[in-house]
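Have a look at the structure below before the remarks.
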Amino acid sequence: MNLKIDRQTCWLVGGVLGLLVLSSLIGWALSLRATSEAGRATVQNLNARIRAWWLMVAIFGLALATGLIGSVILFGVTSFLALREFITLTPTRQGDHRTLFWVFFVIVPLQYYLIAIPWRLYFILIPVYAFLFIPIRSAVAGDCTNFLERTAKIQWALMVCVYCLSYVPALLNLQINGYEGQDAKLMFYLVLVAQISDVMQYVWGKTLGRHKIAPTVSPNKTWEGLIGGVASATLIGTGLWWATPFSPLQSAGMSFVITIMGFGGGLVMSAIKRDRGVKDYGSMIQGHGGVLDRIDSLCFAAPVFFHLTGYFFERNPG
Amino acid sequence: MMKSLFVAVARFICGVRARWVGCAPDARQRVYFANHTSNLDALVVWASLPPFVRDLTRPVAARDYWMKNRLRRYLAHDVFNAVLIERKRPTARDNPLTDMLGALADRHSLIIFPEGGRQADGELAPFKGGLFHLAKDRPDVEFVPVLIENLNRILPKGEFLPVPLLGGVSFGAPMKLEAGEVKAAFLDRAQKAVSALQPS
């Protein structure tokens, strides 16, 4: 796999760096203006988030530059960290111990290895083979207490943190007419639109948010945030059509799907956090919480984006 | 070199995050007493200390376990400089208390597990008397309660392969033996100080 760094990629990277510089400047300006205690805390958190963004963009850029291998490693490690946050919050029993060992050290690496070689078994490894293997391994361990619940939770964690996320680097395996060797931009596009949508929902929600969508799930998700976020992220996504195989209209549709799925992902993962009585999945990323808090929207958007792109644009839909 | 490697490995596998709730990391002489659920406990508490404290601090561990093979002996002696004690058949010559007081006399801090053994269910068992005797003999030393979380899921009793979940180590407010405090009252207070570190 040979990914060329073309002019469009440079524009994308330059644009993101520009955005980061701009937001750092805004964050700095806000920090001078904030007077109230609550305002200062919000701005402090905002600036921590922006600093973390710099780091995340640097890591993502490095992965892009190294092509399929780098991307597979980056998302493989991300899946591993997200899964660890998820399972930590999920009550499992000692009877699951060896199952979990398999999950962490065999299934996760195998899924990403299959994407790297690439072998299309990765589409069914987790939904079929892990699905069958996990209950068998736990049954052998002999603990029947809440058996169905425990195996379902482990399977669910694998689906969200590993299977769904692995669709992001899997984009690099798509064969699109007239877009050969340029799939890295597609991956960039997905991650950018999903994350911008998160950021814009946060910004619109913080500035205009009044009407809560699901107050029992997340007090931070408002209609104003959702509509503003989806609209602005879709607009930005549409404006990036030149870097994708899509027409502007198609790009608008794709961005819209990414943002809506991303919103759904954030909501679902909030419901789980709320049920477990925590605010964040972890504390690894300054200002953002855990890894899973940052990628929840991406996990839900990636498979849908992959399938839509594959179905409508791939040379030999497989 | 090897020390920092083991610290890095322990931190990665157990995802340990140290929460200093009741005190700040400090080089003064302390006895850290923690709940015990996993063979990784000593390593994890030790690894979660900042280097300048870690270098002064020795975990207290069971000799029968840590002398069993070469790797364990190497870890105990050369990596975390453990104070190995006899827990099965303590004699006058092999008195665990003497070894611990000796290490304290050498100006080391200690990490101890006053439950005496690992608890499979993660519940806190009654503390053994050694903690009280240490506190009585060394009133100048701070006794810091430590709560270890999730380690019984990372490496439960009876398993040998760890699962890399996120563990947590919380350090509480230092305590000392109060004037006239009897053994049972002190041990009870110490135990409550550990369980009070539970976040929820």
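Quick notes on this one:
- The convex hull around the C-alpha trace of the stretch A:145-190, projected and averaged over every direction, spans 3.7 square nanometres.
- Neighbour counts of other Cβ atoms within 10 Å put B:Met67, B:Met2, A:Met269 in the fewest-to-most order B:Met2, B:Met67, A:Met269.
- Each part reduced to its alpha carbon centroid, the stretch A:247-264 and the stretch B:45-104 end up 59 Å apart.
- Ranked for footprinting exposure by Cβ neighbours inside 10 Å, fewest first, A:Tyr163, A:Tyr281, A:Tyr129 give A:Tyr129, A:Tyr163, A:Tyr281.
- Gyration tensor (alpha-carbon) shape descriptor, the stretch B:100-200, a/c threshold 1.5: prolate
- For the protein assembly as shown, the Cβ-based charge dipole about the Cα centre amounts to some 540 debye (Lys, Arg positive; Asp, Glu negative; other atoms uncharged).
- Long-range tail of P(r) for the stretch B:1-146 (Cα pairs > 26 Å, %): 19 percent
- Per-q log10 I(q)/I(0), the stretch A:69-173, q = 0.11, 0.15, 0.17 Å⁻¹ (Debye; single scatterer per alpha-carbon; no solvent): -0.31, -0.57, -0.71
- Among B:Phe52, B:Phe132, B:Phe143, the residue with the largest mean-square fluctuation in a Gaussian network model of chain B, with springs joining Cα atoms closer than 10 Å, is B:Phe52.
- Student exercise, the stretch B:2-195 dipole from Lys, Arg, Asp, Glu Cβ charges, in Debye to nearest 20: 400 debye
- Number of partner chain Cβ atoms within 10 Å, mean per residue of B:162-171: 5
- Sorting A:150-156, B:150-156, B:27-33 by their mean Cβ neighbour count within 10 Å, with the most densely packed peptide first, gives B:150-156, B:27-33, A:150-156.
- By DSSP, the beta bridges lying fully in the stretch B:2-195 are antiparallel in about 20 percent of cases.
- The alpha-carbon positions of the protein assembly as shown define a convex hull whose volume is 180 Å³ per residue.
- Orientation-averaged projection of the stretch B:61-136 equals 6.0 nm² [convex hull of Cα atoms, one quarter of hull surface area].
- Binned Cα-Cα distances of the stretch A:3-124, short to long, each 5 Å bin given as a whole percent: 2, 9, 13, 13, 13, 13, 13, 11, 7, 5, 2, 0
- Of all DSSP beta bridges in the protein assembly as shown, antiparallel share, percent nearest 5: 30 percent
- Per residue of the protein assembly as shown, the DSSP helices (runs of n ≥ 4 H) give a summed -39500 (n - 2.57) that works out to -18000 deg cm²/dmol at 222 nm.
- Three semi-axes of the equivalent ellipsoid, the stretch A:186-307, Cα gyration tensor, whole Å, largest first: 25, 16, 12
Read-outs: derived from the displayed coordinates by stated rules, not from any lab. None of these values were measured; they are calculated from a predicted model. Here the Cβ is made from the backbone with ideal geometry for all residues, glycine too, and neighbour counts use every protein chain on show.
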